[in-house]
Amino acid sequence: MMNDWLSEAGGVLVTVAASKGSVPREPGARMLVRADGFDGTIGGGHLEHRALEIARAMLQAGATHRFERFALGPSLGQCCGGVAWLAFEPADADQMAVLRARRNDDTWRVVALDGVHDSALFDAAGARLAGSADTPAFGNERATRVTEGEGGCRWLVDAVLAPRAHLMLFGAGHVGAAIVRALSELPCRVTWVDQRDDLFPPQIPANVTVEATDTPEALVDNAAPGTSFLVMTHSHALDLRLCHAILSRSSADWFGLIGSATKRSQFEARLRERGVPETRLAGMVCPIGLPGIAGKAPAVIAASVAAQLLSVWEAATPEEQPEFH
């Protein structure tokens, strides 16, 4: 899953604190290292292998924390050739539990990189959630970075951000279930909606919220601007009602409807009769998925739609990663 570093198991938490040039992963990438395995990734290759060695040595020695600079070309032989700074710290069980409970809320970790190891968690308003560290003022910039406090001591300000991408998926059939599985490890939140509660599987991914409701249109009306919508229910009549509700919203959000070109033509005619303007109809994506992928198996459709959604979301929220000098 996308936040699999948020394991209940103890270990050493490794964070990409800063970078310069080309590196495998961005600041804020993390992995939790145990003696017998690890969760998450900082990009693989020699950098990750060396980080695993250091973290496991810390576990054996009972060391508290380290802050290391890695030149990927000269010292590690990686072709990307940039520089990465890694922070190593013992995972605090209480703070990890807070972070797991706040998957859908922005949280800032502030960790001492010099001197005595200390850390704390804060919410977007700057309120302390856990820990007792006497941290410097750090603001709530949406980026992981290294800053200096009193006496030149360095601190890791690690932005653990809730996914901004939110999909509201209507339909718990085979294709809907396959899409949920395809999105389970991606940086997004999914609200999965169906009237039939018995169709939802017993195990739901951590980034998915299930809504079993007879009034799905109400969820459309109350969805935040920027929500993406996918409609693929068991009923064409319900699909049409949901299409009308989505296209009647004041915000022109991305909207996909499963079906053929024929279904699109039929729905466009009925939606015009209901007063939906041509500009909104033009934004309805039907058929869904990437052009050129014609397979009809649920897993094929899901892979195509997941890639389509990623391109939509990344175009809407380009990431800007700071460099550390």
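FYI, it's all coordinate maths here, none of it is from the lab. Fair warning: this is a prediction, and the values are worked out from it, not measured in the lab. Positions of Cβ are backbone-derived with ideal geometry, glycine not excepted, and every protein chain shown enters the neighbour counts.
Key figures
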quantity: Three-way shape call for the range 95-194 based on the alpha-carbon gyration tensor, with the a/c threshold at 1.5; calculated: prolate
quantity: Anisotropy class of the range 166-316 from Cα gyration tensor, a/c 1.5 cut; calculated: rounded
quantity: The chain, helix-only ellipticity at 222 nm - DSSP H runs n ≥ 4, -39,500 (n - 2.57), divided by all residues, nearest 500; calculated: -8500 deg cm²/dmol
quantity: Label-point separation in nm, residue 69 to residue 203, each point 7 Å along Cα→Cβ; calculated: 4.4
quantity: Cα shape, the range 212-283, gyration tensor, a/c 1.5 rule; calculated: oblate
quantity: Share of alpha-carbon pairs per 10 Å distance bin for the range 12-160, given as whole %; calculated: 11, 42, 36, 10, 0
quantity: Among beta bridges that DSSP assigns inside the chain, antiparallel share in %, nearest 5; calculated: 65
quantity: Read-out mean projected area of the Cα convex hull in nm², derived from the coordinates shown; its label in (i) 15.4; (ii) 17.2; (iii) 19.1; calculated: (iii)
quantity: Stretch gain in nm, segment residue 307-residue 141, where the contour uses 0.36 nm per residue and the Cα spacing is subtracted; calculated: 56.9 nm
quantity: Computed label-point distance, nm, for sites residue 8 and residue 36 using a 7 Å Cα→Cβ extension; calculated: 1.6
quantity: Additional length obtainable on full extension of the chain from residue 101 to residue 266, 0.36 nm per residue less Cα span; calculated: 55.0 nm
quantity: Phi to ³J(HN,Hα) by Karplus 6.51 cos²θ - 1.76 cosθ + 1.60 over the range 173-179, Hz, x for Gly, Pro; calculated: x, 4, 5, x, 5, 5, 5
quantity: Theoretical gain in end-to-end length, residue 250 to residue 316 [0.36 nm per residue, Cα-Cα removed]; calculated: 22.0 nm
quantity: Residues residue 215 and residue 93, FRET efficiency given R0 of 51 Å [Cβ-Cβ distance, rounded to 0.05]; calculated: 0.80
quantity: Inter-probe distance in nm under a simple model that places probes 7 Å from Cα toward Cβ, at residue 280 and residue 50; calculated: 5.6
